[in-house]
Amino acid sequence: MIIAVLALQGAFAEHEKMIRSLGADCIELRQAEDLKKHYDGLILPGGESTVQGKLLRELGMFDTIKKQIEDGLPVLATCAGMILLASVIDGQIDGQPDSYFGTLPVRVRRNAYGRQLSSFHAKADVAGIGAVPMTFIRAPYVVEMDKDALASGNGQILAVVNNRIVGVRYKNQFAFAFHPELDPDTRIHQAFLNCVKARTPD
């Protein structure tokens, strides 16, 4: 099993370390040529979503990755990665910039916790996993998930902290507002790898 990690900017090395500790291989996506390599799942790390989206466009990687996600490639997105996937960015005049994939039917608020709580820790339940430590760094949160996505069973709210949605799943996409790669608990990454394995032919 090979997991690709977007390595243009942000906290990608920590994801790679955790994935390898769980027995999977990693490759880094840094240029369009890398998208020709085989990989079974994708991680979109934290960082600066605006910068990442712009680089994806400039490097000619955006459309290929978006199509891969739409075609069912399992993806784990954390913090900025959640914003990259979101269909609507709260407060954005046009709803969702063209440098964001828009494949996840949620409305996300960026840098949502303000200066006082720009970085904090919590422990809360993630559906199907249990209570996990959560590290938030200038984190977004999900204002709402599309009602049709929820009603269809394809969308699921996975985690809530202080009455704010911080984890969701939609089909093949897992998105979290926090940084599971910064804590020693490996269960979120393991659950992602289990999903990838279930979709990967032997």
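Every read-out reported here was derived from the displayed coordinates using simple, explicitly stated rules and does not represent laboratory data. Here the structure is a predicted model, which is why all the values come from computation and not from measurement. Using ideal geometry, Cβ is built from the backbone for each residue, glycine included, and neighbour counts are taken over all protein chains shown.
Could you compute the net charge surrounding residue 133? Neighbours are other residues with a C-beta less than 11 Å from the C-beta of residue 133; K and R count +1, D and E count -1. Spelling it out: positives minus negatives among the neighbours equals 0. Cross-link partners for residue 197 among the aspartates and glutamates, with Cα-Cα distance under 12 Å and sequence neighbours closer than 8 places in the same chain left out: 40. How large is ³J(HN,Hα), in whole Hz, for each residue of segment 64-77 in order, when computed from phi with the Karplus curve 6.51 cos²θ - 1.76 cosθ + 1.60 and θ = phi - 60°, using x for Gly and Pro? 3J(HN,Hα) across segment 64-77, in whole Hz: 5, 5, 4, 5, 4, 5, 5, 7, x, 4, x, 9, 10, 10. Between residue 48 and residue 121, the modelled labels are 2.8 nm apart [label points 7 Å from Cα along Cα→Cβ]. Across segment 2-199, C-alpha contacts under 8 Å between residues 6 or more apart give a mean separation that, scaled by the residue count, equals a relative contact order of 19 percent. Counting charges near residue 90 (Lys, Arg +1; Asp, Glu -1) among other residues having Cβ under 11 Å from its Cβ returns a value of +2. Suppose R0 equals 30 Å. What FRET efficiency, 1/(1 + (r/R0)^6) with r the Cβ-Cβ distance, do residue 199 and residue 151 give to the nearest 0.05? The pair residue 199/residue 151 has a calculated efficiency of 0.80.
Bridge orientation summary for the chain: considering DSSP beta bridges with both residues in this region, about 55 percent are antiparallel.
Taken as Cα centroids, segment 135-173 and segment 1-75 sit 21 Å apart, rounded to the nearest whole angstrom.
Would you please give the FRET efficiency between residue 137 and residue 57, computed as 1/(1 + (r/R0)^6) with r the Cβ-Cβ distance and R0 = 22 Å, to the nearest 0.05?
0.35
Straight-line cross-link partners of residue 54 among the lysines, defined as a Cα under 21 Å from its Cα and at least 8 positions apart when in the same chain: 36, 66, 67. Potential lengthening of the chain between residue 160 and residue 38 amounts to 40.5 nm, from the contour at 0.36 nm per residue minus the alpha-carbon distance.
Over the residues of the chain, the helix contribution to mean residue ellipticity at 222 nm works out to -7500 deg cm²/dmol, using -39500 (n - 2.57) for each DSSP H run of at least 4. Prolate is the label for segment 16-108. Its Cα gyration tensor axes, ordered a ≥ b ≥ c, give a/c of at least 1.5 and a/b above b/c. Toward the positive end of the charge dipole of the chain, with +1 on the Cβ of Lys and Arg and -1 on the Cβ of Asp and Glu, the farthest Cα among 120, 78, 38 is that of 120.
Only Lys, Arg, Asp and Glu carry charge here, each on its Cβ (+1 for the first two, -1 for the last two); on that basis the chain has a dipole of about 340 debye about its Cα centre. Kirkwood hydrodynamic radius computed over segment 2-199 comes to 16.5 Å, based on all pairs of distinct alpha carbons.
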